[in-house]
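Chemist: Here it is, the structure, as structure tokens.
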Amino acid sequence: MSSKETAADGVFAPFAAVLVRKGTANRKKNGMWLGMEFLQKVKRKIEEGALEEFAREARWVWGYIRRYRSIVAVHILLGVLGILMGLGTSVASKYLIDAVTGYKTGTIATAAAVMAGMMLGNILMKSMASRIGAAVNIRVQNEIQAEVFARILATDWESLDRYRSGDLLNRLTSDVGAVSSGVNSFIPSLISSGVQFVGALAIMLYFDPTMAVIALLGIPVSAGCSRILLGKMRRYNREMKAISSDTMSFYEDSLANLTSVKAFDITDIFYEKMTALQQKYRDEYLTYNRFSVRTTAFMSLVGMLVSAGCFGWGVYRLWTGAISYGSMTMFLQLSSTLSSAFSALIGLVSSAVSISTSAGRIMDVVQLPAEELEHTRDFRREEQLTISMRGVGFAYQNGEEVLRDVDFTAGSGDLVALTGPSGEGKTTMLRMLLGLVRPQKGEAALFCGEERYPLSAATRSAFGYVPQGNSMFTGTIRENLRMTRPEATDGELEHVLRIVCAWDFVKELPGGLDYTVGGRGKGLSEGQAQRLAVARALLCGAPILLLDEATSALDEGTEEQMLQNLMESGLVRTCILVTHRPGTLRFCTRQYRVQEGRVWEETREAV
């Protein structure tokens, strides 16, 4: 090492030590460190499957785009024609102004006619595209919504039960709307904006390459900001949609139980819950909005500087006589067009995130397992059916064991009571009979003569069901009853209403069978709604009737008469009812006790 190098080291050593200390203390502020940190974050996201998830969602949406490709192609064509005519208007304006200012002569009429034609054509293309887009959007939305709704109805009950109804409703409306809008407009917007960008850039390059370069200066900055914004947008979309689902579920639960809310005088509590959800939504929205506003303001500043550069260069070129007033006007128009086209392309990043997020939420539901159908036999006309459970054990997906070592039998002519404390498994047994849940242990089967069929969705036609609570829908009594058998005549409706001791009050209602019932039986007493629900179940023609505390609001005399009518009607072969009334047991041929997960048959003496 030379003496000069040694001396230099000695002179700069203190400064070097200071720089090293500062560099160590502030290394997280160093650009290279931030770059590495960002790359590590991206790598972590990729390893966690974020890229694969986005690709999976994109493929799912692409399947719908391919289905409607001919209509999407028309939409694209109209959009591109409109863009080309808009660009043509800018070029025509140059020649018109040049002619008016004397830069070129003899072309005023032609330039004006071309410009007017381009403007009118642009308006026509945009109008047609808007009209076709609206028609396609509502068609695609309805079809996707119908498919998703059908898939939800066919989904395994236990898998779907973990979703709240408000959340499902939000996915079925808001998320389907986002996906259908994406199917209809994303590709057309991408291509139209791309054509607009390339077209404007090509014209500027042809007339003044320097102007085109200046106009492109803001693109790297905008692209960098968009990359940063992308991760924030995806997280924001997921969290906002989750909050929206919680809010919708809260509103639905509140309005469905409005009577209880008023009766307990807890309206203030529910109002406070509502405002808390609003505050949560507000905080999340404003947090993202603050980030978005700052990013947008920075990008707008960059755009303003680029526009100022284009304007300054154009003024300079005009001052030196290198371009005409017409060229200056065209450049300003094209600069604005180029900027708006790029902004539209950047905006599509946000649209893609929103569409993929909604697609993922829909896919979470539609890809749940469907109910298993081992056979398609119709049991509604069978007279000799026997239900048998042997050593049955069942636990829900949360791990809670509800039933264990259950032995149960019910055959033709039986009126079977299920008794026991609330929450001990009686409703779960009915769900198992309906094939909504299936045992993890033992066997639960329906015997038709010598043939054995495991209880599942495929054996559901053997059962009529009346759940706890008010299960009436908005509509007339006639419409409610005919849900299980649309072709039923008025005479058949009257017949089942007489069996359940309901005809006397129905005929006295305004309009009789055409009396309109509100949601959850509004306009009827609880006992009236229960009898109508039993009549509806009876009308379906199933030989086995399941009543889950469906007579709890009836007086004992009416209950006794209805049960007697049911078993003598010839429409019901077996009836299984959940009851807490000791008096009801004397009408039953068999009684089973359900308690602490176990089920056993009680003798008459024990009862």
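The values are calculated or read from the model by the stated rules, or taken from the named source; none is laboratory data. Being a predicted model, the structure only gives us computed values, none of them experimental. Virtual Cβ from ideal backbone geometry, glycine too; neighbours counted across all protein chains shown. Accessible surface areas use protein heavy atoms only, side chains included; no ligands, DNA or RNA. Shrake-Rupley method; radii C 1.70, N 1.55, O 1.52, S 1.80 Å.
Residue by residue, here is whether (1) within 27 Å of the chain's Cα centre (by Cα); (2) open to solvent by less than 60 Å² (accessible area, probe 1.4 Å) holds:
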| residue | (1), (2) |
| --- | --- |
| Leu96 | no, yes |
| Val100 | no, no |
| Ile123 | no, no |
| Ser130 | yes, no |
| Gly133 | yes, yes |
| Ile138 | yes, no |
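Chemist: Filter the stretch 142-162 for residues that are of a type outside the set (A, V, I, L, M) and either open to solvent by less than 40 Å² (accessible area, probe 1.4 Å) or more than 12 Å from the chain's Cα centre (by Cα) (or both) and give the result.
Modeler: Asn142, Glu143, Glu147, Arg151, Thr155, Asp156, Trp157, Glu158, Ser159, Asp161, Arg162
Chemist: Here is a further query. Starting from residues that are modelled with pLDDT of 90 or more and touching a helix residue (DSSP H, G or I) at 6+ places or on another chain (Cβ under 6 Å), keep the ones in the stretch 576-591 and report whichever is farthest from Trp503 (Cα to Cα).
Modeler: My answer is Gln591.
Chemist: For the stretch 447-463, does any single residue satisfy the condition of being without any contact (Cβ under 8 Å) to a residue 40 or more places away in the chain, basic (Lys, Arg), farther than 21 Å from Ala154 by Cβ and assigned to a strand (DSSP E or B)?
Modeler: Yes, the stretch 447-463 has at least one match.
Chemist: Taking only the stretch 54-101 into account, find how many residues are outside any helix (DSSP H, G or I) and in contact with a Gly (Cβ under 8 Å, 6 or more places away or on another chain).
Modeler: Within the stretch 54-101, residues that are outside any helix (DSSP H, G or I) and in contact with a Gly (Cβ under 8 Å, 6 or more places away or on another chain) number 1.
Chemist: Then there's this: Can you report the number of residues in the stretch 344-369 which are within 30 Å of Trp313 (Cα to Cα) and either outside any helix (DSSP H, G or I) or touching a residue at least 60 places away in the same chain (Cβ under 8 Å) (or both)?
Modeler: Count: 3.
Chemist: Here's something else I'd like to know. Going through the stretch 163-196 one residue at a time, which ones are of a type in the set (A, V, I, L, M), over 30 Å from Ala344 (Cα atoms) and open to solvent by 50 Å² or more (accessible area, probe 1.4 Å)?
Modeler: Leu169
Chemist: Now, a different point. Please state which one of Ala359, Ala276, Ala308, Ala297 is small (Gly, Ala, Ser), exposed (fewer than 15 other Cβ atoms within 10 Å of the Cβ) and modelled with pLDDT of 85 or more.
Modeler: That would be Ala276, the only listed residue that is small (Gly, Ala, Ser), exposed (fewer than 15 other Cβ atoms within 10 Å of the Cβ) and modelled with pLDDT of 85 or more.
Chemist: Report whether or not Thr489 is among the β-branched types (Val, Ile, Thr), open to solvent by 40 Å² or more (accessible area, probe 1.4 Å) and within 33 Å of the chain's Cα centre (by Cα).
Modeler: no
Chemist: List every residue pair whose Cβ atoms sit under 8 Å apart, with the two residues 6 or more apart in sequence or on different chains, where the first one lies in the stretch 381-393 and is farther than 16 Å from Ser456 by Cβ and exposed (fewer than 15 other Cβ atoms within 10 Å of the Cβ) and the second, anywhere, is among the acidic types (Asp, Glu) and at pLDDT below 90.
Modeler: Gly391/Asp405
Chemist: So which pairs qualify, if the first residue must be in the stretch 141-155 and within 16 Å of Pro369 (Cβ to Cβ), the second must be open to solvent by 50 Å² or more (accessible area, probe 1.4 Å), the Cβ gap must be under 7 Å, and the two must be at least 6 apart or on different chains?
Modeler: Taking only residues 6 or more apart or on different chains, the pairs are Ala154/Ala370; Thr155/Ala370.
Chemist: Give just the number: which of (1) open to solvent by 40 Å² or more (accessible area, probe 1.4 Å); (2) under 20 Å from Leu524 (Cβ atoms) does Arg586 not satisfy?
Modeler: Condition not satisfied by Arg586: (2).
Chemist: Picking from Leu332, Leu318, which residue would you name as being open to solvent by 60 Å² or more (accessible area, probe 1.4 Å), within 30 Å of Met119 (Cβ to Cβ), assigned to a helix (DSSP H, G or I) and modelled with pLDDT of 80 or more?
Modeler: Leu332
Chemist: Those residues that are within 29 Å of the chain's Cα centre (by Cα), closer than 15 Å to Met389 by Cβ and not hydrophobic (A, V, I, L, M, F, W, C), I need them from the stretch 436-471; list them, please.
Modeler: Arg438, Ser456
Chemist: Within the stretch 396-421, track down each residue that is surrounded by fewer than 17 Cβ atoms within 10 Å (Cβ to Cβ), touching a residue at least 24 places away in the same chain (Cβ under 8 Å) and farther than 20 Å from Glu451 by Cα.
Modeler: Tyr396, Gln397, Glu401, Asp405, Pro421
Chemist: Now for a separate question. Restricting the stretch 429-441 to residues that are in a helix (DSSP H, G or I) and open to solvent by less than 10 Å² (accessible area, probe 1.4 Å), which is nearest to Arg593 (Cα to Cα)?
Modeler: Looking at the filtered set, the residue picked out is Met429.
Chemist: If you don't mind, another one. Any idea how many residues of the stretch 506-521 are without any contact (Cβ under 8 Å) to a residue 40 or more places away in the chain and either closer than 17 Å to Gly491 by Cβ or out of contact with any helix residue (DSSP H, G or I) (no Cβ under 9 Å at 6 or more places or on another chain) (or both)?
Modeler: Result for the stretch 506-521: 7.
Chemist: May I pose another question? Select from the stretch 232-253 the residues that are open to solvent by 50 Å² or more (accessible area, probe 1.4 Å) and under 20 Å from Asp283 (Cα atoms) and write down the one among them that is modelled with the lowest pLDDT.
Modeler: Selected residue: Lys232.
Chemist: Any chance the stretch 515-526 includes a residue that's acidic (Asp, Glu), in a loop (DSSP other than H, G, I, E, B) and either surrounded by fewer than 15 Cβ atoms within 10 Å (Cβ to Cβ) or at pLDDT 90 or above (or both)?
Modeler: Within the stretch 515-526 (the criterion being acidic (Asp, Glu), in a loop (DSSP other than H, G, I, E, B) and either surrounded by fewer than 15 Cβ atoms within 10 Å (Cβ to Cβ) or at pLDDT 90 or above (or both)), the answer is no, since none of the residues qualifies.
Chemist: Against the condition farther than 20 Å from Tyr206 by Cβ and assigned to a helix (DSSP H, G or I), how does Met248 come out, does it pass?
Modeler: Judged against the criteria, Met248 is a match.
Chemist: A follow-up question, please. Does Ala116 qualify as being free of Cβ contacts under 8 Å to residues at least 40 places away in the same chain, open to solvent by less than 40 Å² (accessible area, probe 1.4 Å) and either touching a Pro at 6+ places or on another chain (Cβ under 8 Å) or part of a helix (DSSP H, G or I) (or both)?
Modeler: Answer is no for this residue.
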